[in-house]
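What follows is one structure encoded as structure tokens, with my remarks underneath.
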Amino acid sequence: MAGDKVLTGSSSQNEIKLIEDGFFTVIAGPCAIESWEQLDSIACMVKDSGLTFLRGGAYKPRTSPYSFQGLEHKGLEYMYEVGKKYGLKTVTEVTDAETVEEVAKYVDVLQIGTRNMSNFALLKKVGKVAHEKNKKVILKRGWASTIKEWLLAVEYITSAGNTEVVLCERGIRTFETYTRFTLDLSAVLVIKKLSKIPIIVDPSHATGHSDMVIPMSRAALAVGADGLMVEVHNEPSRALCDGEQALDFRHLSEMLKQLNELAKVFGKKIR
Ligand code: PEP
Ligand code: MN
């Protein structure tokens with residue numbers, strides 16, 4: 001395991017941008033890293049599907065303090081090892097300013113979750129560490145944040161230096177309760193109009209229902225998003241976190257088959 005070794009994630013040797021012209025980046029993986037076996041099996045599927053980025057939470061910001069909180073440091077070690085084993089770039093969430101430096105030793109991309117979009121101390125710290133260590137950042141939209149507030153949050157990160165920041169629309173709170181949140185796909189259009197910042201869509205947290213993930217993924221590609229973040233599990237019914245919205249391996253293949261077809265219309269390739 002990683003232990004005290006000097007780690008940098010895998011990006012320093014082989015620089016790959018999260019978002020590139022002509023590509024639609026699909027980031028896939030479990031909500032939470034639960035065990036070595038679970039992460040290994042999901043990573044193997046992600047790699048076999050031709051994808052480049054593996055996601056997985058080690059520190060889980062759960063709404064209830066009684067829910068599974070993640071494997072924490074052990075999860076980071078698994079992510080590092082599995083990323084190396086399959087040659088995948090790794091994405092995990094940072095939940096507080098104190099652990100940013102530690103997390104950055106193990107992964108390529110630092111994710112800031114919806115609950116922390118306005119945690120300015122965290123944003124500044126992530127900006128500093130990402131700049132120093134050449135990490136990329138995904139900034140999810142606060143579920144009650146306007147697009148303007150979201151764009152200003154990006155500036156807290158980039159004020160420390162030039163870092164690749166990608167926005168992630170993951171649904172906002174409305175009066176509707178059938179879906180977990182309301183996926184604001186028009187935000188993609190607004191972001192494209194107001195900025196040059198790439199934007200991906202997370203249909204898993206937005207809908208909360210696995211059967212809605214594929215149609216909303218097609219919609220995200222069609223509206224002009226630069227990529228997706230989706231939750232995938234080897235056994236969704238046994239997931240410790242967000243199983244009801246996770247795609248199983250069969251559904252992941254089906255989603256990628258459909259997206260590959262649709263991407264041709266827009267002259268893009270899925271990766
Ligand atoms: C996640 O992606 O693991 C997550 C917790 O998402 P969000 O911050 O959008 O709820
Ligand atoms: Mn989740």
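Only the coordinates and a few stated rules stand behind these numbers; no lab work does. For clarity, every value in this text was computed on a predicted model and none was experimentally measured. FYI the Cβ positions are ideal-geometry reconstructions off the backbone, even for glycines, and counts take in every protein chain you see.
The distance linking region 205-256 with region 20-67 is 11 Å (Cα centroid to Cα centroid, whole angstrom). Ordered by the count of other Cβ atoms within 10 Å of each Cβ, fewest first, CYS44, CYS168 give CYS44, CYS168. Taking amide H atoms as placed 1.01 Å from N in the peptide plane, the amide H of MET229 lies under 5 Å from those of ILE27, VAL201, ASP202, each 5 or more residues away in sequence or on another chain. What the phi angles of region 258-268 give under the Karplus curve with 6.51, -1.76 and 1.60, with θ = phi - 60°, is a coupling list of 5, 5, 4, 5, 5, 4, 4, 4, 9, x, 10 Hz, glycine and proline written as x.
Think of the chain as a dipole: +1 on every Lys or Arg Cβ, -1 on every Asp or Glu Cβ, centred on the Cα centre; then among GLY75, ASN260, VAL91, ASN260 lies furthest on the positive end. All other residues whose Cβ lies under 14 angstrom from that of GLY161 are scored, Lys and Arg at +1 and Asp and Glu at -1, for a net of +3.
Take every DSSP beta bridge whose two residues both sit in region 47-178; close to 0 percent of them are antiparallel.
With the simple spin-label model, which puts each label point 7 Å out from Cα in the Cβ direction, the GLU244 to LYS269 separation comes to 3.9 nm. Principal axis extents of the C-alpha atoms in region 49-114 (largest first, rounded to whole Å): 35, 25, 22. Build a GNM of the chain with springs between Cα atoms under 10 Å apart, and of ALA104, ALA220, ALA121 the one that fluctuates most is ALA121.
Based on the mean of other beta carbon atoms within 10 Å per residue, what is the order of 138-145, 225-232, most packed first?
Listed from highest to lowest mean packing, they are 225-232, 138-145.
One quarter of the convex hull surface built on the alpha carbon atoms of region 144-271 amounts to 8.9 nm², the projected area averaged over directions.
Antiparallel beta bridges, as assigned by DSSP with both residues in region 23-259, represent about 5 percent of the total such bridges. Distance distribution P(r), region 23-259, all Cα-Cα pairs, bin width 5 angstrom from 0: 1, 7, 15, 20, 22, 18, 12, 4, 0 percent. Magnitude of the charge dipole for the chain, about its Cα centre and with charges confined to Cβ atoms of Lys, Arg (+1) and Asp, Glu (-1), is about 680 debye.
Dividing the summed helix terms, -39500 (n - 2.57) for each DSSP H run of n ≥ 4, by the number of residues in the chain produces a 222 nm estimate of -11500 deg cm²/dmol to the nearest 500. Other residues lying with their Cβ under 10 Å from the Cβ of THR182 contribute a combined charge of 0, Lys and Arg counting +1, Asp and Glu -1. Multiplying the residue separation of LYS85 and THR177 by 0.36 nm and removing their Cα-Cα distance gives an extension gain of 29.1 nm. Scanning residues 5 or more positions from VAL166 or on other chains, those with amide H under 5 Å from its amide H are VAL137, ILE138, LEU139, with H placed 1.01 Å from N in the peptide plane. Applying a threshold of 20 Å to the alpha-carbon distances of LYS89/LYS124; LYS136/LYS196; LYS47/LYS257 flags LYS89/LYS124 as lying beyond it.
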